[in-house]
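Take a look at the structure set out below.
The values are calculated or read from the model by the stated rules, or taken from the named source; none is laboratory data. Quick caveat, the model's predicted, so the values are computed rather than measured. Glycine also receives a Cβ, built like all others from the backbone with ideal geometry; neighbour counts cover every protein chain displayed. With ligands, DNA and RNA removed, areas are computed over all heavy atoms of the protein, side chains included. Shrake-Rupley method; radii C 1.70, N 1.55, O 1.52, S 1.80 Å.
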Amino acid sequence: CQCMPVSVCRIAHFNAAHRLHNPELTLEENSSIFGKCNNPNFHGHNYQLEVWVKGEINPKTGFVIDLKKLSTLIRNQIIEKLDHKNINLDVDFMKGKMASCENLLVEIWKILDREIPSITAYGKLHSVRLYETPRNYVEYFGE
């Protein structure tokens, strides 16, 4: 049946540096909480982003969402702003926010959730998952 919801996923990669540091805490507190991630010279990750869109299948195209359009959206709105950047210093949508994987993912969600309706009438953002390492990831389903 064409009326059953289907989930579609697009995966993207980017490399970025960050530092976990709360200026309201002492250097000792920051070091104790964040360890090596508090390095004053920053540190980097090879991130993997998964973007899941869920919805009905468009009877004309057979798609929930055109993956080429989704790929372009992710590249233009997310990857180009993050890839080979310092999340703390270079990324406009992270200004004033702790550069944790959790905060980064919520900000990515906000951008994609706002933009995806312009490229599909059949699907909506279902979840985003961000791997910081092969063993550590965060996932967000919206508010």
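Residue-wise test of (1) under 18 Å from GLU107 (Cβ atoms); (2) open to solvent by 50 Å² or more (accessible area, probe 1.4 Å); (3) outside any strand (DSSP E or B); (4) among the aliphatic types (A, V, I, L, M).
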| residue | (1), (2), (3), (4) |
| --- | --- |
| ALA16 | yes, no, no, yes |
| GLU24 | no, yes, yes, no |
| HIS45 | yes, no, no, no |
| LYS60 | no, yes, yes, no |
| ILE74 | yes, no, yes, yes |
| GLU80 | yes, yes, yes, no |
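Modelled with pLDDT of 95 or more and assigned to a loop (DSSP other than H, G, I, E, B), is that true of LYS97?
On the way: modelled with pLDDT of 95 or more: yes; assigned to a loop (DSSP other than H, G, I, E, B): yes.
Taking the combined requirement at face value, the residue satisfies it.
Select, from LEU89, LEU67, the only residue that is surrounded by fewer than 17 Cβ atoms within 10 Å (Cβ to Cβ), within 21 Å of CYS3 (Cα to Cα) and aliphatic (A, V, I, L, M).
Testing whether each residue is surrounded by fewer than 17 Cβ atoms within 10 Å (Cβ to Cβ), within 21 Å of CYS3 (Cα to Cα) and aliphatic (A, V, I, L, M) leaves just LEU67.
Each row is one residue, and each column tells you yes or no for (1) without any contact (Cβ under 8 Å) to a residue 60 or more places away in the chain; (2) out of contact with any Cys (no Cβ under 6 Å at 6 or more places or on another chain).
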| site | (1), (2) |
| --- | --- |
| TRP52 | no, no |
| ARG75 | no, yes |
| ILE78 | no, yes |
| LYS81 | yes, yes |
| ASP90 | yes, yes |
| MET94 | yes, yes |
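Looking at (1) open to solvent by less than 50 Å² (accessible area, probe 1.4 Å); (2) touching an Asp or Glu at 6+ places or on another chain (Cβ under 8 Å); (3) touching a residue at least 60 places away in the same chain (Cβ under 8 Å); (4) not basic (Lys, Arg), find the lone condition where CYS9 falls short.
Result: CYS9 fails condition (3) only.
Need the failing condition index for ASN39 against (1) closer than 20 Å to LEU125 by Cα; (2) over 17 Å from the mean Cα position of the chain (by Cα); (3) in contact (Cβ under 8 Å) with a residue 12 or more places away in the chain, just the number.
All conditions pass for ASN39, except number (1).
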